[in-house]
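The values are calculated or read from the model by the stated rules, or taken from the named source; none is laboratory data. Small disclaimer: the values here were computed from a predicted structure and weren't measured. We place every Cβ from the backbone using ideal geometry, glycine too, and count neighbours over all the protein chains shown. Ligands, DNA and RNA are stripped out before the accessible areas are found, and what is left, the full protein with its side chains, is counted by its heavy atoms. Shrake-Rupley method; radii C 1.70, N 1.55, O 1.52, S 1.80 Å.
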Amino acid sequence: MRIALLLLVLASALLMCLGAAPIGLFDVKQPRGIDFILRNSPTPQKYLIETMPGGVALLDYNNDGLLDVFLVNGGRVTNPMQPPENFDRKDKRYWNRLYRQNKEGSFSDVTEQAGLANAGDGNYGMGVAVGDYDNDGFPDLYVTSYGKNILYHNNGDGTFTDVTAKAGVAGGGWSVSAGFFDYDNDGKLDLFVTRYMEWDTKHSKTCGGEWHTYCPPEEFPATTNILYHNNGDGTFSDVSQKSGIAAKKGRALGVAFADYDDDGFTDVFVANDGMQQYLFHNNGNGTFTERALEAGAGLSEDGRRLSGMGVVFQDYDNDGRPDVIVTELPREIYGVYHNEGNGTFSYGSLVTGLGVLSSGSSGWGVGLEDFDNDGWKDLFVAQGHVLDNVEQIDPSLHYLELPMLAMNHNGRFERADSGVTAPIAGRGAAFGDLNNDGWEDVVMTALGSTPIVLINRGGQQHWLVISLRGTRSNRDGLGARVRVNGQTRFATTAGSYLSASDKRLHFGLGQATTAKIEIAWPSGIHQTLNDIHADQFLEIREPEKP
């Protein structure tokens, strides 16, 4: 007995030395004050919108140093819907919600006082993007919907104003994910909006014969995405056509940004459902060329289309180049595209171990974050099938699923315990340090349920959290490439599915107590800081001159 106990102690000590994640990395919380329920309103009509919401954003809207939570709601769907479409968004049950974090960790619902209560009765909510589009130091919100999208300007006094009409970014049709990025490096954030398909409740249909299922995407016409250019005066111009973005129709869901070929311009990866994926290469002259197939990032290894849902565009193997991970439906396995550094990608789902982990799951929101601070980005995926009656059709599949937590061991992923014990219909996922302890947390949405908040238990490893302050670049430095002790992150709030994460860049440092920081700003300025102390929140200001 003593020998066994000694071996157990020695094994535990070895794991600590190796920086392994403790069993049960997260505590599952229901923070006081967050009473939101994602109301997707499923009906026997199987309207596709019912299974697709809802987004979540982590942002510090009032600049008090604490992350707040914004949640996008669906709406009321009747059986059947009658024209004109009305989703009862004036009813408080269907509001989007903004929860302000208080100093002791509780939250207060400030939706109404912040001016965010009226989402529009003709809108069924989908996702959210966060970015400071006017560089005034306060994060703004862009909410996507089936119906009109809304741009909320942050007034800096705790309130927001709907400036959609003035800005010219209402969109139309069925918008899904969105993200702010500076595609022309002019210091102003532009806006990319994915759209799913040409669809409305009047032309909806059910599939599956006697089972009555949601129809696959190919049953409806494809549509185009939208690119809005920031004019710098509070307005945007729709440049979808002249930029080349509208040249490719698709069935887009997730979107993520990074400079995959290191030419200094941010590229766009779009997760398409039931078809090839899109990689829009930024040509540096205001136009894009879609290159996914020739780059090796459009299909599975055997040439099959993907049911792309969520996407993350970050470096998982610490070679300094952004890779792509796309979440999908069961038996398709999540797509991993490893950046080879010559403008091409190789298919890495099997060699990374993710193929085995994901073969029976449906993935949505996704993030690469270093949850155990060992210097390698781990993977988190919100999971749950599209079909709420899938067990009747195929007993081997499940509508409700546990999320996936996969720890990264030198570029290979191994399943770990997320701490979530009750399966859910997971959808959106956003990432950030909610309690400012240096350890990354997760907020995940679930259909018909309250959000799942995962608070990282922490450990002994060191860390560094960086806030960028652009001067020549956009104020938040979105699009910057930041390298710390051999790890690389691309500054963005976008990615995942329908969601927006903390703009701060988190780095796990393992046993290192100091860090070397290298930043390639969107303006072209390169900056190096040496011997930076670990375990701190650091704001780095962009130099005025190279």
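Filtering region 157-179 to residues that are open to solvent by 30 Å² or more (accessible area, probe 1.4 Å), under 17 Å from D134 (Cβ atoms) and touching a residue at least 24 places away in the same chain (Cβ under 8 Å) leaves T159, T161, D162, K166, G168. Among the candidates D378, D315, D323, D374, the residue that is surrounded by 20 or more Cβ atoms within 10 Å (Cβ to Cβ), in contact with a His (Cβ under 7 Å, 6 or more places away or on another chain), over 26 Å from E198 (Cβ atoms) and not aliphatic (A, V, I, L, M) is uniquely D323. Taking the condition surrounded by fewer than 19 Cβ atoms within 10 Å (Cβ to Cβ), more than 22 Å from V77 (Cβ to Cβ) and at pLDDT 95 or above, does Q101 pass? No.
If you check F70, F87, F36 for being farther than 23 Å from G458 by Cα and not in a loop (DSSP other than H, G, I, E, B), only one passes: F70. Residues of region 401-431 that are under 26 Å from K503 (Cβ atoms), part of a strand (DSSP E or B), of a type in the set (G, A, S) and out of contact with any Lys or Arg (no Cβ under 7 Å at 6 or more places or on another chain): G426, G428, A429, A430. For region 392-421, a residue qualifies if it is within 30 Å of E210 (Cβ to Cβ), of a type in the set (A, V, I, L, M) and open to solvent by 20 Å² or more (accessible area, probe 1.4 Å), and the qualifying residues are I393, L400, L402.
In the set (1) of a type in the set (F, W, Y); (2) modelled with pLDDT under 95; (3) closer than 20 Å to G55 by Cβ, the condition left unmet by W211 is number (3). Just to be sure, is R251 more than 24 Å from G524 (Cα to Cα) and free of Cβ contacts under 8 Å to residues at least 40 places away in the same chain? Here the answer is no, as R251 does not meet what is asked. Of the strands (runs of 3 or more DSSP E) entirely within region 280-375, none holds at least 3 residues that are among the aromatic types (F, W, Y), within 30 Å of A512 (Cβ to Cβ) and at pLDDT below 95.
Listed by first and then second residue, the pairs linking a residue in region 197-221 that is open to solvent by 60 Å² or more (accessible area, probe 1.4 Å) to a residue that is of a type in the set (A, V, I, L, M, F, W, C), with Cβ atoms under 7 Å apart and 6 or more places separating them unless they lie on different chains, are E198/F220; K205/C215; W211/I393; E219/C207; P221/M197.
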